[in-house]
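Visitor: Structure below; questions to follow.
Quick note: the coordinates plus some simple rules give every number you see, no bench work behind them. Predicted, not measured: the structure shown is a model, and the values here were computed from it. With ideal geometry, Cβ positions are generated from the backbone for all residues, glycine too; neighbour counts draw on all protein chains shown.
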Amino acid sequence: MEPKLQWRFHLGEAEEAWYQGYDDGAWRAVTLPHDWAVEAEFSQEYSSGTGYLPAGVGWYRGRFTLTGAQTTQAAHLTFEGVYNNAQVWINSNYLGKRPYGYSSFTYEISDYLKAGENVIAVKVSHLHDADSRWYTGSGVYRPVRLTVGDRPFFLKDGRGVFCRTVAADAESATLAVDFALSGAGTAQFALSDGGVLLAQARTDGQDGTLRLTVPVPKLWSPAQPHLYTLHCAAFDPNGRQTDSLRIPVGIRTFRFDADTGFYLNGTPMKLRGVCVHHDAGALGAAFFESVWERRLQTLRACGCNAIRTSHNPPAPQLLDLCDRLGFLVMDEAFDEWEGCKNKWWHGHNVYPPKHYGYYEDFPQWHEADLAAMVLRDRNHPSVILWSIGNEIDYPNDPYVHHAFEIATGNNDANKPEQERRFDRNKPDAKRLTAVGKELAAIIKKHDATRPVTAALAFPEMSEQIGLTDALDVVGYNYKETLYEAHRAAHPARVILGSENGHTAEQWHAVRDRADISAQFLWTGIDYLGECSGWPWRASGAGILDLAGFPKARYYHRKALWSDTLTAALASEPAGTRWQERAQWNHAPGAAVNAIVYTNAETVELFLNGVSLGKKTLTDADGCCVKWPLAFEAGALHAVCRRGEETVAATLSTAGVPSKLTLAQVETQARDLIQIEALLTDACGVPAAEERDVRFSVEGGALRGIENGRLNDLTPYSAAHRQTLCGRLIAFVLPDPNAETIKITAEAEGLPPAVMMINRSDHSIT
C-alpha cells in the first residue's frame, strides 16, 4: 500500500523550505496535480505564447508517515511531471534536479527515511514565462507516487518489465518479457484474461527474457482495444514474494510499408489522427484522467483513431486511456534540440521574439529525458511511433542551410530581413543530422520494436543534409504537395502527414494514396497559448474547443472520416472564415451561409418548410455544401441521402433563455466531476444569448469553469463564467470526507439549477 501524501504549497521563494523542520503551517493545503499559473489573473505583461499566465517560483512540501518496519524497505518517489527545474529533498537530504518539465523521474529514498513523519520538499523554478511556444503550466501538474516495498523489486521507471509482441495472428501469439530486478531473486509472469490464466513462466536471476504463448489471441485494435493483464511477481531467495506489478497488455502487430502504408494486425489502416497539447483549459496543465477520457471519447466519435503528443512526452495516464479506448499514438519527445526557437510573447510571429527554452538543458539532459520517455511508455500497445522532434528543421529558426537562402514559407515580408535570409553566423543545419542519429540510437537501445520519426517542417532541406536518413518514418508537416515527387525520388522512404490542415484536399492527399498512411490534424483540441495577441488567451485550431465541446468543424471532420452516413448543420456570416457555429441566430435579413456537413450524395435544404433546392455533392465539395441566404428566423432543415439511406439535421432559432440545466459527464475515471451547464429557451433550443453562470459547491471544491471562448479573460479562479453558445463546463474535485456533493448553478433571471451527487459512485440523487 502506498503511504498517503498530504501537500502544502507556497507561491514565491522560501529559501529554507528544504529543511525538514521548516514551519509551513501558513502554507496552503493543495491536492495534486496542481498548476499554480491558472490560479492567477491573465495579464498582458506575460507571454502570449504561454497564454498570458505567469511563471515564477513555487514550493511544495509533502508529508507522510511510516512505521518502523517500513523504514527498512525499499522506497521510491516518482514524479510524473513538474514544470520545470524541479529540485527535490527528502528529510532535508537533497536528491537532485530535473530541468525538463515533461519528464517522469524517480528517486530511491530508502536511505533517508525514518519512523513517524517524513517530509518531501520540492522547489519549482519556472523562471521565464516565455520559455515555450505554448502553455506549459507551473508546478507539480502530474501525479506523484510514493511506493514502499521489499527487496528484490522490479526496477522503476519502466526498466523492470518490458512486454512486447513477437508474433501474432488469429491462431496464436508469442510475447517476450524482458525483466530486471534490483538484486538476485526469482521472477514470475502470468498472463490472464478476465481472471482466466492463459500462460505463465518463471525463472531465477537478476535479469533475463521469458516467452509466453497465447492461443487464439484477441488482437488489440482501435475497433476492439482488448487488454490482457500481465501479473509480474518477484521473490527473494527464500521464496517470499517481495514485489508485484500489473501491466495491461495489448497483443498486436504493426508495420509501415513504403508503398502500401500502415498495417495493424496484417490489415491496412489509415491513421486519422489529431495533434494535442497537454492543457485542459481552465484546469491548465493539471492532468485529470476523467477530463481526457471525455475528450478522447468525443474525438473517437468523429472517426479519430490516432493521437500525436505534440510536442512533449504526455502524462502516462493519457497513454493508459489510449490503450483502453483504442487510439494509436505518436509519442513525441522534444520541440527543440540545441538551437533555441523563437518564443513569441507579443503575439504569434510578432517580432522581436525571446529566446529561452529547453535548448539550455538539451546537451546535458537529452539522453536521460529521451530514455525516460521510451522506458516509461514502451509497454503501451497504443504507442506505434517514437518522435524525436517537432519542426527542428525550420529554416532560420535557428538553423540555416545554403540551399535555402530564402526559404519557401519563410520569406514573409512582415519578418525582419535577417530572419528571412541565409545567415552563415547561425548554426549550420547539418548539425541536425548528427543529433538526429544520436537520438535515434538512444531510442533503439531501449526499444527496437517501434520506428523512429520526426515531424519535419522542411523535409526538402532535411533530405539534403541527411536528417531524413536517420528516420525510419519521415513526418511531413503541411507538405502534401511534396508527397509525389519525394516518393518518386526516394521509393524506399516511408512518409506520413505528421501535422496537417483541416481542408478536405489535405485529407484526400492521404485517402487517395496507398503509400501515405496518416494525417494528424493541427489540432484536435483548442489549447492555451500560441495566440495571436492580447486579449486572446488560446489558439482556436482545434475541432473541439477548450471546454471539450465539438465545434462546427468537428462535424465536417466526422463527415470526412466516418463511413457511417452523417449530417450536421451550421451557419456563418457571409464573407467570414472560421466563424461557423451550430446555431441559426443572426440579425434579420443578414447575409449568411447555411452549411451542411455530410458524406451523403444529395442534400435538400428547407427553411421553415420551404425547399431551397437540392444539391448533388461531388468529391470536390469535400463533404461540405453551402447555401447563401438572407437570414430568416425559424427552422433550418437538411435531408441528406446516400443510396437507400437517409439522415436529417435541424437547426432552430433560439429564443430568450428560460432554463438552466446541469448534466454530469459519465466517465469510467472518477478523479474529477464534470458538470455541463446548458441554457435553453422555452422550446428546449440551446440559447444563443449568453449569460453569466455562477457555481457554488458543498462537499467538494470548484477547480475551474470553461466555456471555450478564446478571448474570455475571466480569471480561472473565479466561481463564475459566461456561457458560449449557451453552454459551459464546470470541474469539481470531490471532498473524500463528504458523503454527498451539492452543486448549485445560478444565472440572472432564471431559476437556479441544483445537482446532488453521491461521492462514492458519482451517481445523481
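Visitor: Can you sort ILE543, ILE465 from fewest to most other Cβ atoms within 10 Å of each residue's own Cβ?
Guide: The order, fewest Cβ neighbours first, is ILE465, ILE543.
Visitor: Given a Förster distance of 56 Å, report the FRET efficiency between ALA180 and ARG511 from their Cβ-Cβ distance, rounded to the nearest 0.05.
Guide: My answer for the efficiency is 0.80.
Visitor: What is the calculated FRET efficiency for LEU612 to THR646, with r their C-beta to C-beta distance and R₀ = 25 Å, to the nearest 0.05?
Guide: Rounded to the nearest 0.05, the efficiency is 0.90.
Visitor: Arrange the following residues from fewest to most other Cβ atoms within 10 Å of their Cβ: ILE120, ILE764.
Guide: By the 10 Å Cβ count, ascending: ILE764, ILE120.
Visitor: In debye, nearest 20: dipole of region 483-572 around its Cα centre with unit charges on the Cβ of K, R (+) and D, E (-)?
Guide: So the magnitude is around 100 debye.
Visitor: Would you mind checking which residues have amide H under 5 Å from LYS479's amide H? H placed 1.01 Å from N; only 5 or more apart, or other chain.
Guide: Result for LYS479 returns nothing.
Visitor: What is the spin-label model distance, in nm, from THR602 to GLN224 if the labels are put 7 Å beyond Cα along the C-beta direction?
Guide: Once both label points are built, they end up 3.9 nm from each other.
Visitor: Find the relative contact order for region 6-149 and round it to a whole percent, using C-alpha pairs within less than 8 Å whose residues are 6+ positions apart.
Guide: So the answer I get is 34 percent.
Visitor: Sticking with this structure for a sec: With a cut-off of 8 Å between alpha carbons and a minimum separation of six or more residues, what is the relative contact order of region 306-517 in percent?
Guide: Once divided by the residue count of region 306-517, the mean separation gives 17 percent.
Visitor: Once you order the gyration tensor axes a ≥ b ≥ c over the Cα atoms, which shape class does region 246-312 get: rounded for a/c under 1.5, otherwise prolate or oblate by comparing a/b with b/c?
Guide: Judged from the Cα gyration tensor, region 246-312 comes out prolate (a/c at least 1.5, a/b above b/c).
Visitor: Same structure again: Given axes a ≥ b ≥ c from the Cα gyration tensor, I'd like to know whether region 682-750 is rounded (a/c under 1.5), prolate (a/b larger than b/c) or oblate.
Guide: Because a/c hits 1.5 or more and a/b fails to exceed b/c, region 682-750 counts as oblate.
Visitor: If you don't mind, there's one more thing I want to ask. By how many nm would the segment from GLN206 to HIS348 grow when fully extended, if each residue of separation counts as 0.36 nm and the alpha-carbon distance is taken off?
Guide: 45.8 nm
Visitor: Among the lysines, select those whose C-alpha is under 30 Å from the C-alpha of LYS156, and discard any that sit fewer than 8 residues away in the same chain.
Guide: The qualifying lysines are LYS4, LYS97, LYS114, LYS123, LYS218, LYS437, LYS444, LYS445.
Visitor: Then there is this: What shape does region 161-239 have by the C-alpha gyration tensor, where a ≥ b ≥ c are the square roots of the eigenvalues, rounded means a/c under 1.5, and otherwise prolate means a/b greater than b/c and oblate the rest?
Guide: The shape class here is prolate.
Visitor: Percent antiparallel among DSSP beta bridges with both residues in region 161-239, to the nearest 5?
Guide: Just about 100 percent of them are antiparallel.
Visitor: Return the long-range amide H neighbours of ALA199 (sequence gap of 5 or more, or a different chain), with a cut-off of under 5 Å between placed amide H atoms.
Guide: The answer is LEU191.
Visitor: Also: Would you mind getting me the FRET efficiency between ASP111 and SER658? Use the beta-carbon distance for r and R0 = 51 Å, nearest 0.05.
Guide: After rounding, the FRET efficiency stands at 0.20.
Visitor: For a quick check of your reading of the filter: which trypsin sites (Lys or Arg not before Pro) in region 158-263 sit in a DSSP loop and have no more than 11 other Cβ atoms within 10 Å?
Guide: ARG240
Visitor: Sum -39500 (n - 2.57) across every DSSP H segment of at least 4 residues in the chain, then divide by the residue count to get the 222 nm mean residue ellipticity, nearest 500.
Guide: So the helix-based figure for the chain works out to -3500 deg cm²/dmol.
Visitor: Another question about this same structure. At what distance in nm do the modelled label points of VAL57 and ARG151 sit from each other, each positioned 7 Å from its Cα along Cα→Cβ?
Guide: 3.7 nm
Visitor: Could you give the length gained on full extension between LEU713 and ALA403, defined as 0.36 nm per residue of separation minus the Cα-Cα distance, in nm?
Guide: Fully extending the segment from LEU713 to ALA403 adds 107.1 nm.
Visitor: Return SER382, SER43, SER498, SER652 ranked ascending by Cβ neighbour count within 10 Å, so the fewest neighbours appear first.
Guide: Fewest-to-most Cβ neighbours within 10 Å comes out as SER43, SER652, SER382, SER498.
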